[in-house]
Amino acid sequence: MVSLRLVLSSFPQPSWRRGNAKSSWAMASAIGIAAGVGLSISLQMANSGNSSLFKSSSSPFWASLSLTNAPGGALVEPKTGVEFPATLDGGRRLVGVGLRRKCLFGLKNIDVYAFGVYADEEDVKRIGEKYKNLTVSQLKESKDFQAEIMEQDISMTVRLQIVYSRLSIRSVRNAFEESVGNRLRMFSDGTDTEELLKRFTSLFKDEYKIPRGSTIDLSREPGQVLHAKINGEEIGVIQSKLLCRSIFDLYIGNKPFDQQAKQDVDLHLAELVQSS
Ligand code: DAO
Ligand code: DAO
């Protein structure tokens, strides 16, 4: 029996994500389809807080993560309905989800991918040790803490789930050269950024296919090593602190793709530090 797990995004979601009309539409149509073919639907109320993964903890961090949760701990990006697991590779915790949109020809915005940001719990706690005297609301605003998360050797992953159905490798390469290329130049201390950019974009082989539903994991591993995987298969590894920083800056830097996602990440990292 297939069970569809859906989130009622219209329920109050103060710190995690706000729902919108689109996800309500998606939910309504999913219900319609499921009813038509006789699937069993179990509706998870967004604020029920009954996640089996998190219910054993009473800390504010886990409590707020369970707001949009389904059994097993998965979380849903509300505008696209894309689901992200609560943990990756054991110790990496989901700390925010968001949406990458792109404006085409100055005319219309397309939803390109939903993303989830994951950080290694132990690494974050280690960095957070010296901020223990701050409250969660002070820590989530701390530029020093944010800069350390960005630059220190903290294992992190951003998972991209493609939602745009006509994505070519060529357009990925172009977008990457623009978004990451700008940041490489901005943060460079004199390193040859063009060479670094080419080294990375040469990993995007023309024969790769990334249809809607594909998963891309970009991970910072110990020693500032960037790993890229498509659907779980490694396509390349590059050691570069500058490249790691430039990629994570897209999601949690000063001009992130999704401002709400960055705020969620800042809050949940702060709660993670204070949750022990
Ligand atoms: O249809 O050619 C087109 C326009 C597509 C724009 C896509 C932007 C790509 C953004 C980066 C995706 C990274 C996985
Ligand atoms: O959204 O502008 C952007 C850049 C996102 C980073 C995309 C990295 C893609 C890495 C692997 C692609 C393989 C085809």
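Of the conditions (1) more than 13 Å from residue 268 (Cα to Cα); (2) touching a helix residue (DSSP H, G or I) at 6+ places or on another chain (Cβ under 9 Å); (3) not aromatic (Phe, Trp, Tyr), residue 135 clears all except one; give me its number. Single failed check for residue 135: (1). Selection of first residues in region 231-254 that are over 17 Å from residue 179 (Cβ atoms) and of second residues that are of a type in the set (S, T, N, Q) and assigned to a loop (DSSP other than H, G, I, E, B), restricted to Cβ pairs under 8 Å at least 6 apart or on distinct chains, gives the following pairs, ordered by first then second residue: 231/214; 239/224; 241/224.
Give the number of residues within region 129-188 that are within 12 Å of ligand 2 (Cβ to nearest atom), over 18 Å from the mean Cα position of the chain (by Cα) and not aliphatic (A, V, I, L, M). Of the residues in that region, 10 qualify.
Give 273, 225 a once-over and let me know the one that is away from ligand 2 (no atom under 12 Å from the Cβ), β-branched (Val, Ile, Thr) and more than 18 Å from residue 88 (Cα to Cα).
Of 273, 225, the one residue that is away from ligand 2 (no atom under 12 Å from the Cβ), β-branched (Val, Ile, Thr) and more than 18 Å from residue 88 (Cα to Cα) is 273.
What are the residues in region 97-113 that are surrounded by fewer than 19 Cβ atoms within 10 Å (Cβ to Cβ) and either hydroxyl-bearing (Ser, Thr, Tyr) or away from ligand 2 (no atom under 13 Å from the Cβ) (or both), if any?
Within region 97-113, the subset surrounded by fewer than 19 Cβ atoms within 10 Å (Cβ to Cβ) is 101-111.
If the condition is that a residue be surrounded by fewer than 19 Cβ atoms within 10 Å (Cβ to Cβ) and either hydroxyl-bearing (Ser, Thr, Tyr) or away from ligand 2 (no atom under 13 Å from the Cβ) (or both), then 104, 105, 106, 107, 108, 109 are the ones that fit.
For first residues located in region 98-126 and in a loop (DSSP other than H, G, I, E, B), partners that are modelled with pLDDT under 95 and lie 6+ apart or on another chain with Cβ distances below 8 Å do not occur.
The conditions of being surrounded by fewer than 17 Cβ atoms within 10 Å (Cβ to Cβ) and not in a helix (DSSP H, G or I) are not met by residue 157.
The values are calculated or read from the model by the stated rules, or taken from the named source; none is laboratory data. Note that the coordinates shown come from a computational prediction; the quantities given were computed from them, not determined experimentally. Here Cβ is always computed from backbone atoms with ideal geometry, including for glycine, and neighbour counts include all displayed protein chains.
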